[in-house]
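The values are calculated or read from the model by the stated rules, or taken from the named source; none is laboratory data. It should be emphasised that the depicted structure is a prediction, and the values quoted were computed from it without experimental measurement. All Cβ positions, even for glycine, are placed from backbone atoms using ideal geometry, and neighbour counts span all protein chains on display. For accessibility, only protein heavy atoms count, side chains too; no ligands or nucleic acids. Shrake-Rupley method; radii C 1.70, N 1.55, O 1.52, S 1.80 Å.
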Amino acid sequence: MDRELSSIKNCIQANVETEVDLNNIQLSDVIDIEFIQRLQDDFAKAVGVASVTVDLEGHPVTHPSSYTRFCMNYIHSTACGDKRCAESHQQGGKKAALLGRPVVYECHAGLIDFAAPIILEGQQIGTILGGQVLTNIPNEKKYCKIAHEIGVDEAGYIEALGEIRHLTKASVEAAANILFIVANNMSMARYNQRKLAAKSTLLSHSLDEIAQAMQEIANSAKRVRVDQVKLDKSVNHVMTSKIDEVMDLTRTIADMIAVQKTEMARLDRLNLIGEMAASIGHEIRNPLTTVRGFLQYFSNKIELKKYSGDFDVMIEELDRANEIITEFLSLSKNRIVDLKVLDLNRIIKKIMPLLQAKGMIKNIDIKLELEHIPRLLLDEKRFIQLLLNLVINSIEASADDGTVTIKTFIRNETPVLAVSDRGYGISKSILEKLGTPFVSTKSQGTGLGLAVCYRIAEDHSALINIHSQEGEGTTVEVIFNAIV
C-alpha cells in the first residue's frame, strides 16, 4: 500500500509543482512575432518613431520599422558607429530592465531613443528598442564631431540629420509605454496559456496511473478491513490510521480532478460562445434594428393605434434581444482591451453614486471597505462593467433592506476585490456551472452577465472565485496580479 500511496503522491506533487521553465522561454514562445511586426510598422508610420524587438542577446526577432537614413546609411555604415550603437542600446536596455519600465535616453549619435523591457514574472526575456527622433534643434558642431569620430562624411551626415523627425519627450515616452503595455500583456497572456496547457497535459497523462493506483489501494484496503479483526489493538490502530490517510488522499485527488475538469470545460464553453458571438452577433443585430424601426413607424400610424400596446411589447422584446446580443459581443475574443496603470480604489469611489442608485431600487445599502492596494493594469470601462454586473447580481440576490459590501485588500501579497451579500445564496449544483452562458439563478436571467465578468477577468489576467451557501449569502472575489 505504501508503494501505491507514494505513486499517487508523486503524481499530485508533479501536478502542483509543474511550471513552464522561464529559463527556456524564447520571445517567439510568448510573442506573436508577426503581430508585433505589424504593430511596429503601423505605429512607426502613425507616430514617427523607429523600433525593433530584440532578444536577451540583442539579436533582432523583428525587422527594423522605419529606421532613418541617418542611422542606416551613416551610423551603421562603419564598424565604429555600429559598435557604439550596440553599446548605447545595451546600456538603455539594462536600465529599462533594472527599473522594470520603459526609459528614454540620448544615444551616442545624439538622437533620442527608448528601451521598453519585455518581462515575465520579474525576469526579462527581450526588449523593444526605438526612437531615432530629436526633441530639440540640433547643434551642428556636435554632430560634425560625431561624424568625424565614427568616420563618415560630415556633409552627408548633417544632411541626413535634417530629415530626422522632431517630437516632444512626452510623445516619445507615450509611444514607448504603448509598445511596452502591448508586448508585456501579450507575453503574459501566452505564458499563462502555456502554463495551463503544461499542467493540463500532465494531469491527462497522470489520470490512468492514478486510477490504477487507486484500484490497487481499494483492493488493499478491502483486505486490510478483513484482516484487521485478527490484529492486536496497537497494530489495529496503525492500520486504521493508514486507511484514514488513504481516504483523505482519495478525496484530495477527486477534488483536484473535479476542479481541473470544471475549469477546463468552462473555458472551452466560454471560448466557443465568444467565437460564435464574433461571427453572428453583428449579423443578427442589423435585421433586429430594421424590424424595430418598422414597428416604431407602424405604431405611429393612426389606423394602427389600437395595436399600440402590442407594438410596445414587441419593441421591448427586441430591445431585450439586443441587450443579450450586446453581452454576447462582450464575450468575443476580437475585442480591444485598453489597459492602463490605474488606482482600483479610485475607480470604485468614482462610480459609487451609480452603485448606490442601483441599490436604492430595493433599499439596499452599498458599503465600502477599501484598503490600500498596489496600482493595477486595468481597462477602466470594462472593469466598471465587471463591477456593475457583480453588484447588480448581489442586489438582486438580496432581500429588501439588505447590505452589499465591496472590499479591496491584500491576501498572500495579491490584490483582491470582493463583492459580498447576505442574500439567498446559490445551490451547489448551480455554483459549479456559474460563468457558463445561459446558466443563471434568476428565472429571467441569461447567465451572460457573469460570463462577461469571467471574460473581463481573463483580459486582466485575473481569476474569479465564488463562495456561496444557501440562505447565508455569496462572495465573489476577483484576484489580480499587481504590477506596481
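Remarks
- Using a probe of 1.4 Å, the accessible surface attributed to Tyr424 totals some 140 Å² when neighbouring protein chains are kept in position.
- With a simple spin-label model that places each label point 7 Å from the Cα along the Cα-to-Cβ direction, the separation between Asn185 and Leu463 comes to 2.2 nm.
- Extension gain, Cys80 back to Asn481 (0.36 nm per residue minus Cα-Cα distance, nm): 139.9 nm
- Taking His108, His372 and ordering them by how much accessible surface each has at a 1.4 Å probe, largest first, produces His372, His108.
- Annotation: Tyr74 carries an accessible surface of approximately 40 Å², with a 1.4 Å probe and no ligand, DNA or RNA atoms counted.
- Förster-model FRET efficiency, 51 Å R0, Asp365 and Lys306, C-beta, rounded to 0.05: 0.65
- In this simple spin-label model, placing a label point 7 Å from the Cα along the Cα-to-Cβ direction at both Leu354 and Ile137 gives a separation of 4.9 nm.
- Cross-link pairs exceeding 30 Å in C-alpha to C-alpha distance, out of Lys195/Lys340; Lys94/Lys199; Lys169/Lys340; Lys95/Lys349, comprise Lys94/Lys199; Lys95/Lys349.
- Heavy-atom accessible area per residue - the range 160-203, 1.4 Å, Å²: 48
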